[in-house]
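Heads up: the structure comes next, in structure tokens.
The values are calculated or read from the model by the stated rules, or taken from the named source; none is laboratory data. Quick caveat, the model's predicted, so the values are computed rather than measured. All Cβ positions, even for glycine, are placed from backbone atoms using ideal geometry, and neighbour counts span all protein chains on display.
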Amino acid sequence: MKKLWRIQHPGIPATLEELRGILLQNRGISNPEAFFSTKHPLDLTLEDTGIRAAEMEKAISRLKQARANEEDVLVFGDYDADGISATAILWLTLHHLGYKTRPFIPHRAKHGYGISNRALDEILAGEMPDLIVTVDNGIVAHGPAARIREAGIDLIITDHHQPETDDTGKTILPKALAVVHTTKLCGATVAWMLARELDAEFAASLLDLATIATIADQVPLVGANRSFAKHGLEALKQTKRPGLQALFKAAKIEKSKINTSSIGFGIAPRINAMGRLEHGMDALRLLCTNNKTRAADLADTLVATNLRRQDLTDELMREAIHQAEQQVDEKLIIVSSHDFHDGIIGLLAGRLTEQFYKPAIAISLNGGVAKASARSVAGVNIVELIREVQDELLEVGGHPMAAGFGLEMDKLDSVLRRLFDLAKKQINPDMLIPSISIDCQLPYRFITEETVDLIETLAPFGQGNDQPVFELEGVVVDTKRIGQGGSHLKLLIAGPDMEAYRGQGLEALVWRQGGISNQLGLKQPIKLAGYLEFNHWNGNRKVQMVVREVELD
């Protein structure tokens, strides 16, 4: 789908200093000194994170009481990379401090999401804990929270998801001893802030886990999140955690060069795969084990499971795309099937949103309860849209850009009809125009190592701090199809006047568009939108462009 090119800054920089100013301006960075001297997470205040001090104090007081009385503390997590990391952070901290503690990761198929009644059935049927602490879930668990209270168990909720509101817009929270909550962080860093209050020195050793979750959950990398991402990435590069080292080796990830892309496309999907297809407990064991042999076995399991996940996703996408193509007149895509695996529907929704640039919902029709996962586009708060049909749902939760819900099968037709109608009324057509945001046009003479060094000072990149994208004009010097079946394209580009980078042209990689090579001729003018990076090879580095969009004259 062709995208609209949105140039954020119309001027063309004349110097590197001017380019730096443009990049800062485009990101709304009015205080460069504060941006570049990012606080260490140990120095963050609760106010920096949006966590209420009174709730934190209540949580810490109750945890210290549990330790003094040798009470049983259960850490209740989630099965995605954020939830697994959050569970590891808090459980490792409590274990280090000598608590009697155990983790619980719900099984997606057996228990469903969050602190559900099915999960509580299992917990209450065994050795009942004295205190349950949720991480990365619980903010909408009103019924389960009441049931926990009735069982005589204390509950502390730590979460970052959107709470429910009443008709007046007032926030409604579950009844718990303490609710440590903010929407500014991810679930794992909320748990990390709690761990920091218990033992700051030990919490510092857990920043490698905190940064995995921060990147994996795609929270905006500004403010406190930038602190966790920037300092956590350095911790991750130096981690001695056997499980992570084994995962790097099994996934062929070079530890010293780990960045946000390594986490988003290499580490997080393999952790997520366990919760999608098997049980997230093995991913938690990987992060927590000190046994190198066990770590290697678990890493192999994660890698193999992720390969199965990739194959299954590709298979189910064919049916999802077929259904989506029948909904061209709708402002919302909804696909459903008895074949859709519960652990894959989020990926299907995400891919549909990317391909068709519309909010998308994928629904698994297995069993008596339909389970749905939704993804959105900028400007469409998908969780609030879904909550408008909450009267017919069993549960709903999530973020403005991603949500999940469950419903009884006999309500499916009614819910779908209402959602399609709401989307038509509320979604402006302008919101569904795909676009690419470009920082500015870049002169060819700026294709230098100094420019890339400058760009990297703004890292880490991610949601809320996008990697700078530039418009570059040039001519084609050479083309080569690469990858399996020639699905990708490698271009050699020179400036409009045939000026060549280092005498050989700029190498530009175009992913998943190998077919356009038939449209490219030697010396043909071309316009590229992409980002610049270093390609490290045999101890050397050279500048290359990763192309997001191509425009041919």
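Some notes on this structure:
Residues checked against (1) closer than 20 Å to Gly11 by Cα; (2) surrounded by 15 or more Cβ atoms within 10 Å (Cβ to Cβ):
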{"position": "Ile455", "(1), (2)": "yes, yes"}
{"position": "Val476", "(1), (2)": "no, yes"}
{"position": "Gly486", "(1), (2)": "no, no"}
{"position": "Ala494", "(1), (2)": "no, yes"}
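- The strands (runs of 3 or more DSSP E) found entirely in region 425-515 that carry 1 or more residues being β-branched (Val, Ile, Thr) and over 30 Å from Ala378 (Cα atoms) are 470-482, 488-494.
- Extreme residue, nearest to Ala229 (Cα to Cα), among residues of region 1-37 that are in a loop (DSSP other than H, G, I, E, B) and charged (D, E, K, R): Arg27
- Some residue of region 163-172 being of a type in the set (A, V, I, L, M) and surrounded by 24 or more Cβ atoms within 10 Å (Cβ to Cβ): no
Conditions tested, residue by residue: (1) surrounded by 14 or more Cβ atoms within 10 Å (Cβ to Cβ); (2) in contact with an Asp or Glu (Cβ under 6 Å, 6 or more places away or on another chain); (3) more than 27 Å from His161 (Cβ to Cβ).
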site: Pro13; (1), (2), (3): yes, no, yes
site: Glu17; (1), (2), (3): no, no, yes
site: His40; (1), (2), (3): no, no, no
site: Glu47; (1), (2), (3): no, no, no
site: Arg52; (1), (2), (3): yes, no, no
site: Ile60; (1), (2), (3): yes, yes, no
site: Tyr99; (1), (2), (3): yes, no, no
site: Gly114; (1), (2), (3): yes, no, no
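- Within region 82-115, the set of residues being among the hydroxyl-bearing types (Ser, Thr, Tyr) and modelled with pLDDT under 95 comprises Tyr113 only.
- For region 19-38, filtered to residues that are of a type in the set (S, T, N, Q) and surrounded by 15 or more Cβ atoms within 10 Å (Cβ to Cβ), the residue that is farthest from Ala210 (Cα to Cα) is Asn26.
- Of Asn272, Asn290, all but one fail to be part of a loop (DSSP other than H, G, I, E, B) and under 22 Å from Phe104 (Cβ atoms); the exception is Asn290.
- Close pairs from region 508-534: first touching a residue at least 60 places away in the same chain (Cβ under 8 Å), partner hydrophobic (A, V, I, L, M, F, W, C) and part of a helix (DSSP H, G or I), Cβ under 7 Å, at least 6 apart: Leu532/Val452; Leu532/Ile455; Glu533/Val452; Phe534/Val452
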